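The values are calculated or read from the model by the stated rules, or taken from the named source; none is laboratory data. All values derive from a computational prediction rather than experimental measurement. Note: ideal-geometry Cβ built from the backbone for every residue, glycine included; neighbour counts use all protein chains shown. Surface areas here come from the heavy atoms of the whole protein model, side chains and all, with no ligands, DNA or RNA. Shrake-Rupley method; radii C 1.70, N 1.55, O 1.52, S 1.80 Å.
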Amino acid sequence: MAFPELDYRTEPIRETQADAILLALPPLEGDDSPALADWPGLRESLLAIGYTGAPAALLRVHAPESTSLPLAVVGTGADPDAAALRDAVGAAIRTLTGFATVAVAAPLADGELWTAMAEGAALGGYRFDSYKTEAPKPRASRVVVHGKAEPDAGRLAEVTATSAAVALVKDLVSIPAEWLGPADFAAKAEEAVAGLPVTVEVLDETALREGGYGGILGVGQGSDRPPRLVRLDYAPEGATRHVSLVGKGITFDTGGLSLKPAASMVGMKYDMCGAATVLAVLRAVATIGAPVKVTAWLCIADNMPSGRATRPGDVVRIADGTTVEVLNTDAEGRLVLADGLVAASREHPDLIVDVATLTGAITIALGTRHAGVMGDDAAVAEYLTAAAETGEPAWQLPLPAHMVDDLDSPIADLQNAKIGDPAGGSLFAGLFLRHFVGRTSDEADAPRIPWVHLDIAGVGMNKGGAYGFTDKGPTAATVRTLIHLIAGEATR
């Protein structure tokens with residue numbers, strides 16, 4: 001895991017000992033702000049080269065009257081807010097290579113937005129320690145943000161913990177599946193929280209069988225690498241709220257006997273994004289020390305074809321006793337999540353959030369920038385508010401009552417897919433998962449536990465060109481929002 005070390009300073013940036021300076025600036029036409037008075041010749045140099053201040057547009061500038069250091073300027077757009085500064089600085093640090101330490105400032109922006117710049121720098125500066133024999137040009141290993149606001153070590157620590165969570169997800173997703181099977185992933189989870197006040201329990205195939213986790217076992221039985229269910233608990237003293245996170249962890253998805261086409265199988269090592277996300281979020285919350293109990297359930301399996309694999313038409317029994325006819329073995333994520341949701345529900349938490357690269361249909365519906373969000377309206381509204389505040393696009397989708405009958409199987413309680421009918425595929429999956437969300441108490445008439453379902457199949461991996469602080473490859477989408485959401489639970 002590698003992202004820049006972060007620091008914050010209040011002294012003028014022109015006094016920096018960094019290797020290069022980065023300024024985040026809006027358009028300058030008609031702007032006579034005195035804030036640039038400390039940068040003689042900079043305005044003239046920028047206007048001479050046609051600087052527009054367009055968001056995330058980076059220019060190298062020659063301004064010897066202002067500094068002898070290499071100087072770059074990135075556009076923020078007019079009236080930049082936190083999201084604009086985060087994107088601008090992230091894009092600049094991502095593309096400005098060859099400097100070990102970069103000093104960053106936004107002299108025309110609100111000084112309280114320095115944390116957004118720090119976060120953007122850490123997100124854009126992430127780099128995977130890859131398997132290349134020749135290392136790519138290095139990004140900054142240290143970023144110093146300069147501003148006028150009072151230093152706040154707590155806020156900087158939160159930014160660092162959040163950035164580390166994002167980096168953890170990207171690291172795990174980038175590891176080839178040959179080196180990250182279910183047991184390997186479980187070991188990585190234990191390693192990730194070592195030294196933190198977090199307890200870990202790993203259920204192997206024997207414990208899964210004894211516990212009746214038929215969904216996870218059914219998906220994983222075709223592989224030579226048996227499945228795992230990993231439970232992590234962060235339970236600070238005095239916590240009055242409990243959030244359970246459930247993550248889909250398919251370490252490689254061939255589709256099983258409902259085999260994917262070759263092209264569709266490429267990249268399926270990333271089908272464990274959901275489990276990596278809940279692991280990283282719990283670790284960040286524990287690192288920050290938020291006064292909220294968090295439990296993470298990592299539902300991990302290889303979905304492989306073999307003579308042992310689940311066949312289309314087989315029936316599996318979920319941990320709550322529900323029987324499911326498996327019509328499509330490539331609709332496996334909902335089966336492992338079903339066991340995880342049942343396990344999480346048994347403790348009656350205040351909120352359950354499941355995270356999964358669940359359906360290709362979500363990409364058709366929402367594209368590759370918006371996470372699909374389903375669940376109870378009030379809980380979904382809280383998630384969407386947190387997403388807006390952290391700058392992670394998300395969109396609510398319905399759980400239509402008229403589709404509930406589509407879940408019925410002629411031989412079992414439920415079926416896991418609608419064969420031959422692609423309409424509303426993401427909604428069908430959401431309704432399937434809702435069946436396994438338990439009640440707030442053991443009373444028969446108790447309401448359902450507040451629940452949010454996040455389908456990140458479209459946003460979990462950026463297959464196109466880089467943008468803002470987001471590079472090509474795994475994105476760790478929803479990590480920042482979930483950390484922010486859980487921190488907010490402490491005030492409820």
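Residues in segment 214-233 that are under 17 Å from L196 (Cβ atoms) and buried (at least 24 other Cβ atoms within 10 Å of the Cβ): V230, L232.
Where helices (runs of 4 or more DSSP H) fall wholly inside segment 314-399, the ranges with 1 or more residues that are open to solvent by less than 10 Å² (accessible area, probe 1.4 Å) and within 13 Å of G215 (Cβ to Cβ) are 333-345. Residues that are touching a residue at least 12 places away in the same chain (Cβ under 8 Å) and among the polar types (S, T, N, Q): does segment 200-207 have at least one? The answer is no; no qualifying residue exists. Of the residues in segment 234-254, not one is assigned to a helix (DSSP H, G or I) and buried (at least 24 other Cβ atoms within 10 Å of the Cβ). Considering segment 435-449, and only residues there that are among the small types (G, A, S) and in contact (Cβ under 8 Å) with a residue 24 or more places away in the chain, the residue that is farthest from I318 (Cα to Cα) turns out to be S441. Assess whether G458 counts as being open to solvent by less than 10 Å² (accessible area, probe 1.4 Å) and touching a Phe, Trp or Tyr at 6+ places or on another chain (Cβ under 7 Å). Against the criterion (open to solvent by less than 10 Å² (accessible area, probe 1.4 Å) and touching a Phe, Trp or Tyr at 6+ places or on another chain (Cβ under 7 Å)), G458 does not qualify. Considering each residue of segment 140-154, count those that are closer than 24 Å to R283 by Cβ, modelled with pLDDT under 95 and either under 23 Å from the mean Cα position of the chain (by Cα) or part of a loop (DSSP other than H, G, I, E, B) (or both), and give that number. Number satisfying all stated conditions: 2. Quick check on my filter: what residues within segment 82-124 are closer than 12 Å to A24 by Cα and of a type in the set (K, R)? Residue satisfying the conditions is R86 alone. With respect to the conditions (1) within 18 Å of A371 (Cβ to Cβ); (2) crowded, with 18+ Cβ neighbours inside 10 Å; (3) modelled with pLDDT under 95, G464 lacks only one, and its number is (2).
Evaluated against (1) out of contact with any Cys (no Cβ under 9 Å at 6 or more places or on another chain); (2) among the small types (G, A, S); (3) surrounded by 20 or more Cβ atoms within 10 Å (Cβ to Cβ), G211 falls short on exactly one condition, (3).
Among the residues of segment 163-204, the ones that are surrounded by fewer than 20 Cβ atoms within 10 Å (Cβ to Cβ), polar (S, T, N, Q) and part of a helix (DSSP H, G or I) come to 1 in all. Listed by first and then second residue, the pairs linking a residue in segment 244-260 that is more than 24 Å from L341 (Cα to Cα) to a residue that is open to solvent by 10 Å² or more (accessible area, probe 1.4 Å) and among the acidic types (D, E), with Cβ atoms under 6 Å apart and 6 or more places separating them unless they lie on different chains, are S258/D330.
For the residues A284, A290, the requirement of being in a loop (DSSP other than H, G, I, E, B), out of contact with any strand residue (DSSP E or B) (no Cβ under 6 Å at 6 or more places or on another chain) and surrounded by 22 or more Cβ atoms within 10 Å (Cβ to Cβ) singles out A290.
Taking segment 107-116 as the range and being open to solvent by 10 Å² or more (accessible area, probe 1.4 Å) and in a helix (DSSP H, G or I) as the test, the residues that pass are G111, E112, L113, T115.
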